[in-house]
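Written out below as structure tokens is the structure these notes cover.
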Amino acid sequence: MIENTRLPGNLITVIGSESKDFAVKAGRAQPRRNSYALIIFGAFWTAFTSIFVVVFLGPLFLGNEVHFEANGVPTVASPDNLGPIMLPALIIGLFVLIGLAMLGGGIRSLFRKGGYFVGTSTRLIHSYKGKIRSIDWEQFSGDIELSGDTPTGSIALQMRTGRMVSKKNGPDRYVPDLIHITKIPYVFEIEKICRRRIKENDPTPALR
């Protein structure tokens, strides 16, 4: 059994009398590249929408008028007459908030810890801030991505569940759910254990 940390009491209770294959504390909730991608996209989105704030709403902050068309009708908004511009301003503000939310989510995920992971013969248990999730090994497809080196590494376990993602210039694509066990010791040994348990609990074994 591989164990590198003392488990919280509620997790020990959930495990009960089950024998543990491994018990580790993950250093991160997800790989850094995922967080960086969200930060970059959120920053780009925020910067792009902020251009509209400056161009469209900037003159109002300086006490000037803004001339635009609403439904093909020339319209003028001013600091004393904000009514005509309220709806466009709300739409622009919504897009800016979306960008800030993505940027903030990426920054938070960059520093979010991974919690505890425990593997038994029948399931993978994840505990984070008192919340515990138990996933039967049969829920995993067996597609495992491994990265890192001997001291620490990361495992991404692909699940049988997922979602369809629409593409603007192509067919819809199925994206499976992933469980990330990031920045852990004994990564190669734990990957072998996960692969063995997934095969043992495979609900659709290969025909012989």
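The values are calculated or read from the model by the stated rules, or taken from the named source; none is laboratory data. Because the structure is predicted, anything quoted here is derived from the model rather than measured. Heads up, the Cβs are rebuilt from the backbone with ideal geometry, glycines too, and the neighbour counts pull from every protein chain shown. Quick note on the areas: whole protein, heavy atoms, side chains included, nothing else; ligands and nucleic acids left out. Shrake-Rupley method; radii C 1.70, N 1.55, O 1.52, S 1.80 Å.
One table, with the values for the structure above:
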read-out: All positions within the stretch 114-130 that are loosely packed, with under 14 Cβ neighbours inside 10 Å and under 18 Å from Thr182 (Cα atoms); value: Lys129
read-out: Any hit, the stretch 81-93, residues being under 27 Å from Gly148 (Cα atoms), open to solvent by 30 Å² or more (accessible area, probe 1.4 Å) and not hydroxyl-bearing (Ser, Thr, Tyr); value: no
read-out: Any hit, the stretch 114-122, residues being within 23 Å of Gln30 (Cβ to Cβ), more than 18 Å from the chain's Cα centre (by Cα) and touching a residue at least 24 places away in the same chain (Cβ under 8 Å); value: yes
read-out: Gly16, sole failed condition from (1) open to solvent by 70 Å² or more (accessible area, probe 1.4 Å); (2) on the phi > 0 side of the Ramachandran plot; value: (1)
read-out: All positions within the stretch 4-35 that are touching a Ser or Thr at 6+ places or on another chain (Cβ under 9 Å) and among the hydroxyl-bearing types (Ser, Thr, Tyr); value: Ser19, Ser35
read-out: Selection count, the stretch 127-154, where residues are under 16 Å from the mean Cα position of the chain (by Cα) and modelled with pLDDT of 95 or more; value: 0
read-out: Of residues in the stretch 19-57 being exposed (fewer than 13 other Cβ atoms within 10 Å of the Cβ) and not β-branched (Val, Ile, Thr), the one modelled with the highest pLDDT; value: Ser19
read-out: Selection within the stretch 20-67 - hydroxyl-bearing (Ser, Thr, Tyr) and farther than 30 Å from Arg6 by Cβ; value: Tyr36, Thr46, Thr49, Ser50
